[in-house]
1. What is the sum of charges, Lys and Arg at +1 and Asp and Glu at -1, for the other residues whose Cβ falls under 14 Å from the Cβ of residue B:323?
2. Given the alpha-carbon gyration tensor of chain B, what are the semi-axes of its equivalent ellipsoid in whole angstrom, ordered largest first, with each equal to the square root of 5 times an eigenvalue?
3. At what distance in angstrom do the alpha carbon centres of region B:200-234 and region B:26-73 lie from each other?
4. Two decimals is fine: what is log10 I(q)/I(0) at q = 0.08, 0.10 Å⁻¹ for the protein assembly as shown, from a Debye sum with one equal scatterer on every Cα and no solvent?
5. Taking all protein chains as present, what is the carbon and sulfur share of the accessible area of region B:105-313, in % to the nearest whole number, probe 1.4 Å?
6. What number, rounded to the nearest 500 deg cm²/dmol, is the helix-based mean residue ellipticity at 222 nm of chain B, given -39500 (n - 2.57) per DSSP H run of at least four residues and division by all its residues?
7. Using the Kirkwood radius over Cα pairs, work out the Stokes-Einstein diffusion coefficient for region A:1-52 at 37 °C and 0.692 mPa s, in µm²/s as a whole number.
8. On the full set of protein chains, 1.4 Å probe, figure out the accessible area of residue A:319 and give it in Å² to the nearest 10.
Amino acid sequence: MATLLEVKGLETQFFTQDGVVHAVNGISYTLDEGETLAIVGESGCGKSVGVMSLIRLIPIPPGKVVAGEVWFDGKDLLKLSDDEIRQVRGNRIAMIFQDPMTSLNPVLTIGKQLTEAMQLHLGMDKEQARKRAVELLELVGIPGADKRLDEYPHQFSGGMRQRVMIAMGLSCNPQLLIADEPTTALDVTIQAQIVDLVKELKEKIGMAIIWITHDLGVVAGIAERVIVMYAGLIVEEAEVHDLYGKPLHPYTLGLLKSMPRLDLGKDAKLIPIEGLPPDLVDFPEGCPFAARCKYRVDRCFTENPPIEYVTPTHRVACWRWEAVHEELKANGGSHD
Amino acid sequence: MLQFIVRRILWAIPVLLAVTFFTFALVRAIPGGPFDFAGDRSLPPSVVANLEAKYHLSDPLWQQFCSYLIGDTVCRPGDDSGRASKGVLLGDLGPSFRYRGRTVNDIIATALPISFQLGMMAMMLGIGIGIPFGVLAALKHNTWIDYSATLVAILGVSVSNVVLGPVLIWFFALKLGWFPVATWAAEPLFSGIADKYIAASEQIPMWVNIIPKPTVDFFMHAALPVFALGTALSATIARMTRGSLLQVIREDYIRTARSKGLRERAVVVRHALKNSLIPVVTILGPMFAGVLTGTFVIELIFAIPGLGRHFVNSIGNRDYPVVLGTTLLYGVAIVIANMLVDITYAWLDPRVRLE
Ligand SMILES: Nc1ncnc2c1ncn2[C@@H]1O[C@H](COP(=O)(O)OP(=O)(O)O)[C@@H](O)[C@H]1O
Ligand SMILES: [Mg+2]
């Protein structure tokens, strides 16, 4: 598969009154056409800022992408003019957001919000756009589409609004759909419906997806590859089954242990990761996870481990990944 | 919608009754009476007693209130003075104590149209300048445009009309001679109708006076006071608009709009403006009511015979019916303004239903 997106050394900071917030600290990854990549990590680790930087949706000021390259379709998105990046947004790369309650404009009809990108990017007139909007709503499973176009967001339930957001994201046939925690604000049954819907749409349409979540449980069903972020850094990247089966970073291990699992039954203990992520203003010198890590050694406090490939598809940023690996093997591969 | 308006009006009735009652009680609680002085001289007690008897001020208070409210024919049967009031409920605000021979209705019918014209033009100017400048300041947040707009707005709010008015007169009227120094020059647009009333030496009804003939003279006279009042209003409106828009621009749905690739102008005009006007409309309501019923300072400085001075002077004069009449008028204006605010809300925000 051809590479669709290549992110190199992306760094984004916020210049606030309390100091410089190091939100994203040099992340690199690639994404193939039609591939689904998940980005996981605790809240505040830079997932949203990381992807919003790609299409330059970071509020400037206080934010600024201070370094890096984002190659998409032969161009570095960070170097495009404002006009050129607007041609990409909503058109080639679309984004859906966490909270469908607040992400739709309360004073405009669904129809208006749904058609405006198509009128802008596809040069459709009102009528054509409306016709396609009906198709899109049907596609995302909203019945009575023609009538519902004239309704306002408050007349839709949370799950329905997220379906509208998805329809909006897909309206211009993007090559990449970025979904930033699209199910976090929804209740569990609706979450599953939305995940299924996106999987189904992906089969039909074939766009690439970056799916952000802080819930590793959602990832298995949808992604082929997973990136684990911590304190604005990628600490581990692997194919989904490798990440679950052979996690190499103590943080990934912690995430897996803190995740509820059906196969272990209700009584299985959830072990949350102790401690808090580091202050992104006063960034620690060594490994940012060291203070919370069971496997740490002295070196972890002085040198931040670079991310390195362990196998051609699995990379990790940890001085002690071998210890993690050995321990898991000794336990028969189970991390519970 | 109609149901909403009817319900609102029904609600307003007890409110206005309470306003009437308390104003009636309060104004009579102020020491002194309407006939203590004639000009600078105090009147002999016998004359005062006569006058008070003539206006029924020696009657028990409940009876005075009763006849103010529902008229002399009901509460003071047998009054054959020929000046029997029909009562506030039928729209009769009674005679003025100070302006002999004039009723409060006459005073309002003459003065309100002038205040209304001044206030309306000032509001239009205030909104016309205030909202665009507020939007501009918000869009150019933290640039010199924002800072200078904010500075002008702060000046506009804090430099009172007491200062601005005379400065305008001194410079544009006296020094440059571009505008007349003071007074108002409105002729009724329907002068034919007005003439008929004048010929019959009757009070011209208010509605005839309210719409002015758009003559050069009218606008030349209006220019300075409208400018002074309008800029003061626009300063407040601009500050509100700026603050509100800066709030809205941080909302999630604005990020969604940007993520579609819309131009910043479309984002602001289509997605942010309507939302940001919702709180602005809230202050426009009472502002409207206040300005349309007369502004004391501006009318005083520019010698405009509007209603503003009656609000203030009537209290000093203990002209009870005028105090009550102007207060009630203001109450009605507030009720109407709030109704308009709610209707505007419903138009701006589909979540608001008029029920
Ligand atoms: N507008 C902003 N101003 C200052 N700091 C910000 C801003 N937006 C995000 N941040 C900071 O950037 C870091 C990463 O945030 P984010 O990417 O939203 O985390 P998440 O992984 O939960 O999506 C957080 O520490 C957050 O406080
Ligand atoms: Mg986030």
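1. With Lys, Arg at +1 and Asp, Glu at -1, the neighbours total +3.
2. Whole-Å semi-axes of the equivalent ellipsoid: 44, 26, 19.
3. Answer, in whole Å: 35.
4. Rounded to two decimals, the profile gives -0.79, -0.99.
5. Carbon with sulfur: 70 percent of the solvent-accessible area.
6. Calculated from helices alone, the mean residue ellipticity at 222 nm is -21500 deg cm²/dmol.
7. For these conditions, the coefficient is 264 µm²/s.
8. Number for this one is 70 Å².
The values are calculated or read from the model by the stated rules, or taken from the named source; none is laboratory data. These figures come from a predicted structure and were not determined experimentally. Counting neighbours? That spans all protein chains shown, and the Cβs are built from the backbone with ideal geometry, glycine included. Note: accessible area is taken over every heavy atom of the protein model, side chains too, but ligands, DNA and RNA are not part of it. Shrake-Rupley method; radii C 1.70, N 1.55, O 1.52, S 1.80 Å.
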